[in-house]
Amino acid sequence: GIPFAPPDRVFWDEPGVSPCRSYPSPAGAFYCRASGAIYIGTSDVVEKWNGADDSVVYASLLAHEYGHHVQGESGLLEYYHEQRQLEEDAAGRNSWTRRSELQANCLSAAFLGSIRVSYPLSEGDLSTLLDDASATADRPDGPEEERTHGSSDNSVWWTRTGWTEQSAGACNTWDVSDEGMVK
């Protein structure tokens, strides 16, 4: 019963500015709630994934950004931003960011899992997806102020959960203790 509008899509091949930030972006793609749009650098994402031939990594990235749009449409992004602003330090703020990012990973995988027959995706694609989830997670030796996407174990766990459960309800990263989120 939540009102829903699909996101706009902005494909860039030259630098530009969205209401949220300028691009290109290190991630190659991002969601901007202010414009309700997914921004995608067509050559940037290919470069980021070293020209990967596995379409599932690109589908996952797009579905991840779409997951942020779903969070926005449902009010979760606003909740996340409100809670994040209440934190006094980077560690506390990053804990909220990890929840949002891991939920987007899970929502992405829930979508991909639900279409894997018609797309089609295989167990080999799941392995690629989990490898990508691990590779794009926070580095264990990275500084705390950069730990915004969760550990490799958490990223893989939430991605596998989405793929297996194929349900947005399985992606409730907001109701897990901090200890469970920061392995």
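The values are calculated or read from the model by the stated rules, or taken from the named source; none is laboratory data. Model, not experiment: these values are computed from the prediction. All Cβ positions, even for glycine, are placed from backbone atoms using ideal geometry, and neighbour counts span all protein chains on display. These area figures cover heavy atoms from the full protein model, side chains too; ligands, DNA and RNA do not enter into them. Shrake-Rupley method; radii C 1.70, N 1.55, O 1.52, S 1.80 Å.
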For VAL10, the residues 5 or more places away or on another chain with a placed amide H closer than 5 Å to its own amide H are ILE38, TYR39, ILE40
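At 1.4 Å probe size, with every protein chain present, just tell me what the per residue accessible area of the chain comes to in Å².
Numbers: 9630 Å² over 183 residues.
Value for the chain: 53 Å² per residue.
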Inter-part gap, Cα centre of the range 119-146 to Cα centre of the range 8-79, in whole angstrom, is 17 Å
For the chain, averaging the sequence separation of alpha carbon pairs under 8 Å that lie six or more residues apart and dividing by its residue count, the contact order in percent is 19 percent
Expected unfolding gain across THR164-SER127 under the 0.36 nm per residue rule, minus the alpha-carbon gap, is 12.0 nm
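Based solely on its DSSP helices, what 222 nm [θ] is calculated for the chain when runs of n ≥ 4 H residues each add -39,500 (n - 2.57) and the sum is averaged over all residues, nearest 500 deg cm²/dmol?
It comes out at -16500 deg cm²/dmol, rounded to the nearest 500.
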If unit charges are put on Cβ atoms (+1 for Lys and Arg, -1 for Asp and Glu) and the dipole of the chain is taken about its Cα centre, the option from TYR39, THR128, ASN94 lying farthest towards the positive end turns out to be TYR39
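Which order do you get for GLU65, GLU144, GLU88, GLU82 if you rank them by accessible area with a 1.4 Å probe, largest at the top?
From most accessible down to least: GLU88, GLU82, GLU144, GLU65.
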The answer for the per residue Cα convex hull volume of the range 49-116, in Å³, is 82 Å³
Descending packing, highest mean Cβ count within 10 Å first, for 30-40, 155-165 is 155-165, 30-40
Among THR148, ALA104, SER177, the residue whose Cα sits farthest towards the positive end of the charge dipole of the range 77-183 (+1 at Cβ of Lys and Arg, -1 at Cβ of Asp and Glu, taken about the Cα centre) is ALA104
In whole percents, the bins of 10 Å from zero upward hold the Cα-Cα pairs of the chain as 10, 37, 40, 13, 0
1/(1 + (r/R0)^6) with r = Cβ-Cβ of TYR79 and SER177, R0 = 22 Å, i.e. FRET efficiency to nearest 0.05, evaluates to 0.80
